[in-house]
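Below you'll find the structure, written out as structure tokens, and then a few comments.
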Amino acid sequence: MSASVPVRLPGTGDRPPVRFSFAGREIVARQGDTVAMALWAAGERALRASSRDGAPRGVLCNMGICYECLVVIDGVTTRACMTVVRDGLRVERGGKP
């Protein structure tokens, strides 16, 4: 499989880059992106596994209501859609709060 090419809306690529890691992989986002959208643009769809059956879970509502996008950011479980990227963030796949 070839490396995924980030998907961006026209005009969003001129914001300064921000680098963070997700599950040990370096992700280059743009200033102002949420963690959820930066991961989506980088081709990451499964952010955690369901605590009930292990099914992959990812971004669903993208407005902080559903908790499907839970990740662990610098050791704290939080919603990826409610967190703006910063240089050096360490993001891991999440789980139940």
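Just so it is clear, none of the values below were taken in a lab; they were calculated from the coordinates. Predicted model only: the values in this text are computed from it and were never measured. We place every Cβ from the backbone using ideal geometry, glycine too, and count neighbours over all the protein chains shown.
A few points about this structure:
- Sorting 59-72, 27-40 by average packing, meaning the other beta carbons within 10 Å per residue, from highest down gives 27-40, 59-72.
- Amide H to amide H, with H built 1.01 Å from N, residue 33 comes under 5 Å of 85, counting only residues 5 or more places away or on other chains.
- Theoretical gain in end-to-end length, residue 87 to residue 45 [0.36 nm per residue, Cα-Cα removed]: 13.0 nm
- The relative contact order of the chain, computed from alpha carbon pairs under 8 Å that lie at least 6 residues apart in sequence, is 30 percent.
- Positive-end residue of 70, 51, 31, charge dipole of the chain with Cβ unit charges: 51
- Unit charges on C-beta of K, R, D, E only; dipole of the chain, Debye: 120 debye
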